[in-house]
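Bear in mind that the values in this text are calculations on the coordinates, not laboratory data. Owing to the predicted nature of the structure, the values given are computational and were not obtained by experimental measurement. Don't worry about glycine lacking a Cβ; one is built from the backbone with ideal geometry, like all the others, and counts go over all protein chains shown.
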């Protein structure tokens, strides 16, 4: 899969293509269906499939300070869409100037003049251009003028729930990582670099890898979780993960701390990921260290059982 930052990487002699456009944060089941349709349509026509996304998140440019919690980094998104068969992952820098571009101008300059689009596949609720005035109906109208077709895909629902990035963020914020995984089609992943902690976990017999996460990363609600600890070398290790401020020790700084089962390795300085499978309990303040240690043993036992057959 090719990866472009902007449209200056367009190869010479670029022909027609099929494009799908969106932020695609999380690449959830709704996104997967949409992207899959674009890939299929591109193969039917014998042209490349191009996924166009934006960075930073448009909300942060249009309304500074409103950046939503991020379900997936750009790097993770590119990995996920490559697995879906996309030929080109194109990141358009989203600037104030882009936010003010009229919808018809965006279509003409980006889709027609630069990408030579043959077909566009978007969600039925897709909007674009200045003040989000562009709609799927406008895309269809402009497509008839410029010679491309537009498909508006239905949203994916299950048991009355419409899968969206907003819904998944709400699940994660509530600690319901199982519901988030159902909508994503896989566990929610939190990536970061392992940094030094205060060493308290080691003193208690549970040495932890402390994750420093990205600024806008979607961190689950405070509590203890059964997770897969995913190493950059491909290893998937069972881990009991604490998210919160360590109230038993009157902590103030919110941390993500992973106790990796059956491994004594020091992961300091390494990039790792946590795949959140299930919440075991909320964050609690215990009367003393012995009560905390006993509960931590129970957390580890539950984690081992939950992930035994995975």
Full extension between residue 232 and residue 69 adds, at 0.36 nm per residue less the Cα distance, a length in nm of 56.3 nm
For the residue pair residue 3 and residue 286, what label-to-label distance in nm results when each label sits 7 Å from Cα along the Cα-to-beta-carbon direction? 4.2 nm
Beta bridges by DSSP in segment 2-155, antiparallel share as percent, to the nearest 5: 5 percent
Please work out whether segment 23-81 counts as rounded, prolate or oblate from its C-alpha gyration tensor, where a ≥ b ≥ c are the square roots of the eigenvalues and a/c under 1.5 means rounded, while otherwise a/b larger than b/c means prolate and anything else oblate? prolate
How do 48-54, 62-68, 227-233, 185-191 rank on mean C-beta neighbours within 10 Å, highest first? 48-54, 185-191, 227-233, 62-68
Hydrodynamic radius of segment 28-164 per Kirkwood, over alpha carbon pairs, in Å: 15.9 Å
Using the Cα gyration tensor of segment 188-306, with a ≥ b ≥ c the square roots of its eigenvalues, what is the shape: rounded (a/c below 1.5), prolate (a/b larger than b/c) or oblate (neither)? rounded
So between residue 158 and residue 10, what do we pick up on full extension, going 0.36 nm a residue minus the alpha carbon distance? 49.4 nm
Scoring segment 2-155 by relative contact order with C-alpha pairs under 8 Å, at least six apart, yields a percentage of 29 percent
In degrees between 0 and 90, to the nearest 10, how far off the longest principal axis of the chain does helix 74-83 point, with axes built from Cα atoms? 70 degrees
Would you mind computing, in nm to one decimal, how far apart the modelled labels at residue 270 and residue 254 are, each placed 7 Å from Cα along Cα→Cβ? 2.7 nm
Quick check on packing: order 81-87, 128-134 by the mean number of other C-beta atoms within 10 Å, highest mean leading. 81-87, 128-134
So if we plug the beta-carbon distance of residue 262 and residue 298 into 1/(1 + (r/R0)^6) with R0 = 22 Å, what FRET efficiency do we get, rounded to 0.05? 0.80
Longest principal axis of the chain (C-alpha) makes with the long axis of helix 136-146 (C-alpha) an angle, in degrees to the nearest 10, of 40 degrees
Compute the relative contact order of segment 188-306 as a whole-number percentage, counting only Cα pairs closer than 8 Å that sit 6 or more residues apart in sequence. 33 percent
Rounded to the nearest 10, the angle in degrees between the Cα long axis of helix 289-306 and the longest principal axis of the Cα atoms of the chain comes to 50 degrees
If I compute Rg/Rh (Cα atoms, Kirkwood Rh) from the structure I just sent, which labelled value in [x] 1.01; [y] 1.04; [z] 0.98 lines up? [y]
Take every DSSP beta bridge whose two residues both sit in the chain, then give the antiparallel share in percent to the nearest 5. 60 percent
